[in-house]
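Colleague: I'd like to ask you about the structure that follows.
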Amino acid sequence: MAMLEILRKRRSIRRYRNRKIEDGKIELLKEAALRAPSSRGINPWRFIFVTDKSTLQKLSKAKESGSGFLKGASLGVVICAVEGESDVWVEDCSIAAIILQLAGQSLDLGSCWIQIRQRMHSDNISSEDYIKQVLGLPDNFLVESMIAFGYPDEEKEPIPIEQLEYEKISGPANIA
Ligand SMILES: Cc1cc2nc3c(=O)[nH]c(=O)nc-3n(C[C@H](O)[C@H](O)[C@H](O)COP(=O)(O)O)c2cc1C
């Protein structure tokens, strides 16, 4: 699939079929994540790939809303960074996250980002601390996001080109 075609087709998919993702595809997702560019090539990220259903169920409770659909996913990737390795770890993790989503799209997988950084699990527990406890992660891990993956069980049309907010772009007029 050409890149623009992948971009056109990608939509946030939150409903997944009860179908395992093939090991070969999971390996390709791992490769894609590790090919993400990062500032100064420091690669501060760590990726935790989770396919165990009961762990996905626990992780789906990381937030009161906006994460519940992870329990129906076939794969969740928890995107972390190690504290102190890079001052721009948020950018590095975000780039890796979107690369994972686009790689997933190229493999016919649906996906959706789940925001974790600066989100709360409950009044006193951050989503980050909740996830670290579920997965037994070291104290110096920072959790940025989770990406849910699975074979889509919902269809979403590409956003029509007429709906794209070209007014948010300045530069040479359309000369086509
Ligand atoms: C930084 C970021 C955080 C997001 N957090 C969540 C989230 O926590 N839960 C969720 O269901 N979707 C989340 N999304 C998905 C957006 O809601 C979605 O991308 C947006 O509505 C546009 O829809 P589309 O992806 O289908 O084009 C997030 C997306 C981004 C880029």
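The values are calculated or read from the model by the stated rules, or taken from the named source; none is laboratory data. Bear in mind that the values here come from a model prediction, so they are computed numbers and not experimental data. Every residue, glycine as well, gets a Cβ built from its backbone with ideal geometry; the counts of neighbours run over all protein chains shown. Remember, those area values only see protein heavy atoms, side chains included, never the ligands or the DNA or RNA. Shrake-Rupley method; radii C 1.70, N 1.55, O 1.52, S 1.80 Å.
Colleague: Which FRET efficiency value, to the nearest 0.05, is calculated for SER170 and LYS30 with the Förster distance at 35 angstrom and r the Cβ-Cβ distance? Could the numbers behind the result be given before it?
Modeller: Working: r = 39 Å, r/R0 = 1.11.
Step by step, r from the Cβ atoms, then E = 0.35.
Colleague: For region 10-154, what is the accessible area per residue in Å², given a 1.4 Å probe and the full set of protein chains? If you can, show how the numbers build up before the last one.
Modeller: Values: 6990 Å² over 145 residues.
For region 10-154, the per-residue accessible area is 48 Å².
Colleague: What is the distance in Å between the Cα centres of region 98-114 and region 1-55?
Modeller: 5 Å
Colleague: Same structure, new question: Quick one: go through region 117-144 and flag any residue whose amide nitrogen is under 20 Å from the point 7 Å out along the Cα-to-Cβ line of SER65.
Modeller: 117-128
Colleague: Check cross-link reach from LYS71 to the aspartates and glutamates: straight Cα distance under 17 Å, and skip same-chain residues fewer than eight apart.
Modeller: ASP52, ASP153, GLU154
Colleague: Could you check what % of the DSSP bridge pairs in the chain are antiparallel, to the nearest 5?
Modeller: Numbers: 22 of 23 bridges.
Within the chain, antiparallel bridges account for around 95 percent of the total.
Colleague: What is the percent carbon and sulfur in the accessible area of the chain, measuring with a 1.4 Å probe over the protein chains and ignoring ligands? Spell out each step's value before the answer.
Modeller: Details: 5150 of 10220 Å².
Carbon and sulfur: 50 percent of the exposed surface of the chain.
Colleague: Too long at a 21 Å Cα-Cα cut-off: which of LYS53/LYS132; LYS20/LYS53; LYS58/LYS156; LYS63/LYS132? Present the calculation step by step, with values, prior to reporting the outcome.
Modeller: Values: LYS53/LYS132 17 Å; LYS20/LYS53 11 Å; LYS58/LYS156 27 Å; LYS63/LYS132 13 Å.
With Cα atoms farther than 21 Å apart: LYS58/LYS156.
Colleague: Can you give the local net charge around SER86? Use residues other than it whose beta-carbon is closer than 11 angstrom to its beta-carbon, Lys and Arg +1, Asp and Glu -1.
Modeller: Details: positive: ARG40; negative: GLU83, GLU85, ASP87, GLU91, ASP92.
So the surrounding residues net to -4.
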